[in-house]
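K.L.:
This is the structure, below, for whatever I ask next.
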There are 6 protein chains.
Amino acid sequence: MECIYLNNRNYDGSQISSLWAYNVAGVQDDSIIYFRGTCNVEISHMIDLEDKRENEAIYSSDMIHFIIEHFDSTKLKLVYSRQRLFASIVSEILIDKGFNIKREGDDLFINNKKLSVSIASTSAVSQKIHFGINVIHDYYADLKSIGFEECKIEQLMYEIAESYVNELDDIEKDLRKSKPLDVI
Amino acid sequence: MECIYLNNRNYDGSQISSLWAYNVAGVQDDSIIYFRGTCNVEISHMIDLEDKRENEAIYSSDMIHFIIEHFDSTKLKLVYSRQRLFASIVSEILIDKGFNIKREGDDLFINNKKLSVSIASTSAVSQKIHFGINVIHDYYADLKSIGFEECKIEQLMYEIAESYVNELDDIEKDLRKSKPLDVI
Amino acid sequence: MECIYLNNRNYDGSQISSLWAYNVAGVQDDSIIYFRGTCNVEISHMIDLEDKRENEAIYSSDMIHFIIEHFDSTKLKLVYSRQRLFASIVSEILIDKGFNIKREGDDLFINNKKLSVSIASTSAVSQKIHFGINVIHDYYADLKSIGFEECKIEQLMYEIAESYVNELDDIEKDLRKSKPLDVI
Amino acid sequence: MECIYLNNRNYDGSQISSLWAYNVAGVQDDSIIYFRGTCNVEISHMIDLEDKRENEAIYSSDMIHFIIEHFDSTKLKLVYSRQRLFASIVSEILIDKGFNIKREGDDLFINNKKLSVSIASTSAVSQKIHFGINVIHDYYADLKSIGFEECKIEQLMYEIAESYVNELDDIEKDLRKSKPLDVI
Amino acid sequence: MECIYLNNRNYDGSQISSLWAYNVAGVQDDSIIYFRGTCNVEISHMIDLEDKRENEAIYSSDMIHFIIEHFDSTKLKLVYSRQRLFASIVSEILIDKGFNIKREGDDLFINNKKLSVSIASTSAVSQKIHFGINVIHDYYADLKSIGFEECKIEQLMYEIAESYVNELDDIEKDLRKSKPLDVI
Amino acid sequence: MECIYLNNRNYDGSQISSLWAYNVAGVQDDSIIYFRGTCNVEISHMIDLEDKRENEAIYSSDMIHFIIEHFDSTKLKLVYSRQRLFASIVSEILIDKGFNIKREGDDLFINNKKLSVSIASTSAVSQKIHFGINVIHDYYADLKSIGFEECKIEQLMYEIAESYVNELDDIEKDLRKSKPLDVI
């Protein structure tokens, strides 16, 4: 699984499309690509029908973004489990740095304010996850307000991406040393 | 998904077999069954070949146990993702109660000592996860040593089991409101 | 699995789209939704290429409609088996009420005239089945002509929908108590 | 899919094993094999844990048996749907001959007495279904008691087996002419 | 699996769509359809994003074409393995006729010049493969230049198509006589 | 995918078990392991029921062996396609070295004598392939008799194993740059 940083990117919802990584970076492996930029999802790119129904704007002027793509399965249950696992990893890293994060499903909260947005889905060729964390936001929680230092943001992005890669590697290794189960 | 408490049970490794829940409790749904008792896994019930190779004893005189069974898939990748998610949930609950837990893959640590054991695998009919947390242990970390009160253990078991059920419900709901992805 | 009655609906083919149930009724479970109304499928909504090739009009002025959605698999073989099973259930209920129904595949006949229309398919997120039964039709068989009483139609719809839900529940229970097979 | 009649066979539960058809008849295709003989399932061959728990004898001195094997999938949900569909087909054929059959799940009843036994499951290589219908039985319903003529039994077996083959062919054809679904 | 020859066809990329065989020839089985004609793929029909990125023209004035469709799975890994196997079969047949072919992945070469084009992918309903071999080409390798006789081309097409059908039949038979594996 | 050479091994059929590579070499990746030694498969390790039925001895005093394990799927159709592809790769390499090999399914022939043995199957945790090529054999074809030099055998083993790894890598890359198909 490749772990790639991109400069000067914003998130407008098109990045959730399958094969985006191949298209922008020639990536032909499972990947997690991260970048920092605005978030402004047009209705036509909305995957979550709840957001669409409620006509909810998904906007942030400064976010760190993670775009994950897996080609090993197109099962919705697996991509959503991985999305929750990703949210847990982010939460664990921030808790470890002393921030009082709560995770609920795919959302992170701090002081009851939402810090993140996330979506996951599949096409016929791959699974994709988008996970965005507010760096600056007027209304929702953001890293700046809770005292996260600007100079440590790039390191944070790298740490999160690497942890996810390691988690997935660890799973792959585990499943290659376990026997199938008996049935009573 | 059913959430069931059993009295007077120990874990000897046979509980990881598929259909054990049906056999002991007539359960015909996906389930999480929890109980408190010893842990003493015979070599013949060991699923993890690493433990087998290293002839590692899996023994604890007092543990809380969670036995999860899912019938919706027999994919190893999914059961291992769910196992990690379960470990995250336990970690989050204990952190929330003020304990300084670290999760690494499917293991929980406190002060660099291992607090838990876990295994996951599949048969042709179901996925199973066992997750055990030491209440009392001479060598490894345990809930007693870190000051977890005896009277709160039953509540803890319930809370963990319920949280997993809720997490899975939440995933099921999410995947029923998301559009499939475009491909670039 | 939810079982839902909707008022004042017609079938124009858009109801076969995945996530329609979420969109019109906020349903986030597997579901069978039933309603009574006209049937008028535009060419652009036709799923069956045979109908499309033969430019066959699918029209009825009064039909009872069942729209089934499953999220547990996107396999075509499974959704078509379920569609046939649904047709069998309808047939059994009508036979039990004294009507001389024959089933052939997904079609019901009475006196060699077709009583029903049905289609099934999958998207990347769900399986869907549409099954419609003529209440009044000039050319094909219909419930009125064979003497089915108007006042019993609502009950019939409910009975069919409930029977399908029970059949699926029964299957889920069965597969949770059966051992995998030996191989000779 | 092959349709094969075997002479002089009894059912003792070993016929439910995967690859039995290859072993006894060199069959290398999906198949339905039928024969007439006793039914006497040893506990060790019992697939249904409910029967095992209740120590229920599965015995009949004269039955017609159908053994179905599919290699296209090893999903439990699919084999159980096919089993129900098979039960429906048997029911339809007997109703068509004037017998007042009721189907409940995978069981057939006449005058509230059980006429049939059935089991379905999967191994890592195939799906299997056994369906047996009593010809003579002291306690349960049987074909003789309801007046089914001895001379027509062989024809009945053939008719049932052929109908299942046709049903499956029809499904295969249908799924090769239907477009995938849109998502709202 | 059906093996069908079509007259007077060209390849413009639309033939790679799922259900094309049903649409043009009413085929409701897995199939390999072959024809001889030009190859001129419009950008909008390009499946391979690499070709698209490089804006590579896929043009040939005279090619033999094979269009394969399978409905038994929609897994990318399987369709790509089958595509490579098809390329091997073509290579073996040409080598057997005395031509010095090299295969690299899904491409055939002769004297380091590319003789063939191929693409494979899946939709929600089927797997498809296109494989084209130049008969006449100004720039790439072609059958004419290497001395393949015009009068033998129709026979070659037939031989290739039949060999693929036989290969797949042989695989199906093999998997119906092999036991599942033990686990150490 | 790891490519590993082992010294001083013979093949007795136990190597086809899932997780053998982990057990003997601690391998936790997909792998191709090759070694040179005798071949002597006991009846109890026979996977192919045809061999078992015909009580066919699978014996060779000197063979090169390839043991492949994949954890990405447990589908029989995929492992058999990969097995055929492996046979093609071996055939291509030997043809390229000037030997007149014919492949039929998973068998290689030279002068109408069988040069190789192969088996493939799956467990609940992995796919496995065994492919053995006679170096010396009294009855069947072997590398020595056709003039293959002893000093080049180690190189041949390496070349075959590497080619398979490259073929699989190439497939993985291809499926990560191709769009899903339209449906007509």
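K.L.:
Have a look at D:Lys77, D:Lys102 and point out the one that is surrounded by fewer than 19 Cβ atoms within 10 Å (Cβ to Cβ), free of Cβ contacts under 8 Å to residues at least 40 places away in the same chain and away from chain E (no Cβ under 14 Å).
P.N.:
D:Lys102
K.L.:
Among the residues of the range D:96-136, how many are more than 18 Å from the chain's Cα centre (by Cα) and assigned to a loop (DSSP other than H, G, I, E, B)?
P.N.:
Total satisfying the criteria: 8.
K.L.:
Residues being over 22 Å from B:Val125 (Cβ atoms), within 12 Å of another protein chain (Cβ to nearest Cβ) and either crowded, with 20+ Cβ neighbours inside 10 Å or aromatic (Phe, Trp, Tyr) (or both): count how many of those fall in the range D:29-49.
P.N.:
Number of matching residues: 1.
K.L.:
Still on this structure: Among the numbered criteria (1) under 18 Å from the mean Cα position of the chain (by Cα); (2) more than 12 Å from chain A (Cβ to nearest Cβ), which single criterion is violated by B:Glu69?
P.N.:
(2)
K.L.:
When you go through (1) out of contact with any Asp or Glu (no Cβ under 7 Å at 6 or more places or on another chain); (2) surrounded by fewer than 22 Cβ atoms within 10 Å (Cβ to Cβ); (3) not in a strand (DSSP E or B) one by one for A:Ser61, which number turns out not to apply?
P.N.:
Of everything listed in (1) out of contact with any Asp or Glu (no Cβ under 7 Å at 6 or more places or on another chain); (2) surrounded by fewer than 22 Cβ atoms within 10 Å (Cβ to Cβ); (3) not in a strand (DSSP E or B), A:Ser61 misses just condition (3).
K.L.:
Can you tell me which residue within the range F:151-184, out of those that are away from chain A (no Cβ under 13 Å) and among the β-branched types (Val, Ile, Thr), is nearest to E:Lys128 (Cα to Cα)?
P.N.:
F:Ile184
K.L.:
Which ones in the range B:125-141 are of a type in the set (A, V, I, L, M, F, W, C), farther than 29 Å from B:Gln28 by Cβ and crowded, with 18+ Cβ neighbours inside 10 Å?
P.N.:
Of everything in the range B:125-141, those that are of a type in the set (A, V, I, L, M, F, W, C), farther than 29 Å from B:Gln28 by Cβ and crowded, with 18+ Cβ neighbours inside 10 Å turn out to be B:Val135, B:Ala141.
K.L.:
Separate question: Determine which single condition C:Lys144 fails, assuming it passes every other condition in (1) crowded, with 20+ Cβ neighbours inside 10 Å; (2) not in a helix (DSSP H, G or I).
P.N.:
(1)
K.L.:
Restricting the search to the range E:40-66, which residues are modelled with pLDDT of 95 or more and under 29 Å from E:Asp169 (Cβ atoms)?
P.N.:
E:Met63, E:Ile64, E:His65, E:Phe66
K.L.:
Against the definition (of a type in the set (Lys, Arg) and away from chain B (no Cβ under 14 Å)), how does C:Lys52 come out, yes or no?
P.N.:
yes
K.L.:
It is to be established whether one or more residues within the range A:143-150 are away from chain F (no Cβ under 14 Å), within 18 Å of the chain's Cα centre (by Cα) and under 14 Å from A:Phe86 (Cβ atoms).
P.N.:
No; the residues of the range A:143-150 include none that is away from chain F (no Cβ under 14 Å), within 18 Å of the chain's Cα centre (by Cα) and under 14 Å from A:Phe86 (Cβ atoms).
K.L.:
Shifting gears a bit: Only one of (1) buried (at least 22 other Cβ atoms within 10 Å of the Cβ); (2) of a type in the set (Val, Ile, Thr); (3) assigned to a helix (DSSP H, G or I) fails for E:Val165. Which number is that?
P.N.:
Of the numbered conditions (1) buried (at least 22 other Cβ atoms within 10 Å of the Cβ); (2) of a type in the set (Val, Ile, Thr); (3) assigned to a helix (DSSP H, G or I), the odd one out for E:Val165 is (1).
K.L.:
Here is a check on your reading of the model: is A:Tyr22 within 14 Å of chain F (Cβ to nearest Cβ) and assigned to a helix (DSSP H, G or I)?
P.N.:
yes
K.L.:
Being in a helix (DSSP H, G or I) and buried (at least 16 other Cβ atoms within 10 Å of the Cβ) is the requirement here; does A:Glu92 meet it?
P.N.:
The answer is yes for A:Glu92.
K.L.:
In this structure, does C:Glu150 turn out to be in contact (Cβ under 8 Å) with a residue 60 or more places away in the chain and surrounded by fewer than 22 Cβ atoms within 10 Å (Cβ to Cβ)?
P.N.:
So C:Glu150 does not fit the description; no.
K.L.:
Looking at the range B:1-28 only, could you name the residues that are free of Cβ contacts under 8 Å to residues at least 12 places away in the same chain and exposed (fewer than 15 other Cβ atoms within 10 Å of the Cβ)?
P.N.:
Within the range B:1-28, just B:Gly26 meets the criteria.
K.L.:
Here's another thing I want to ask about it. Looking only at the range F:168-184, how many residues end up being part of a helix (DSSP H, G or I) and either of a type in the set (A, V, I, L, M, F, W, C) or in contact (Cβ under 8 Å) with a residue 24 or more places away in the chain (or both)?
P.N.:
Of the residues in the range F:168-184, 3 are part of a helix (DSSP H, G or I) and either of a type in the set (A, V, I, L, M, F, W, C) or in contact (Cβ under 8 Å) with a residue 24 or more places away in the chain (or both).
K.L.:
Can you confirm whether E:Ser126 is within 11 Å of another protein chain (Cβ to nearest Cβ), touching an Asp or Glu at 6+ places or on another chain (Cβ under 6 Å) and without any contact (Cβ under 8 Å) to a residue 40 or more places away in the chain?
P.N.:
So E:Ser126 fails the test.
The values are calculated or read from the model by the stated rules, or taken from the named source; none is laboratory data. All figures in this text were calculated on a predicted structure; none of them were measured in a lab. In this analysis, Cβ positions are derived from the backbone assuming ideal geometry, glycine residues included, and neighbour counts consider all displayed protein chains.
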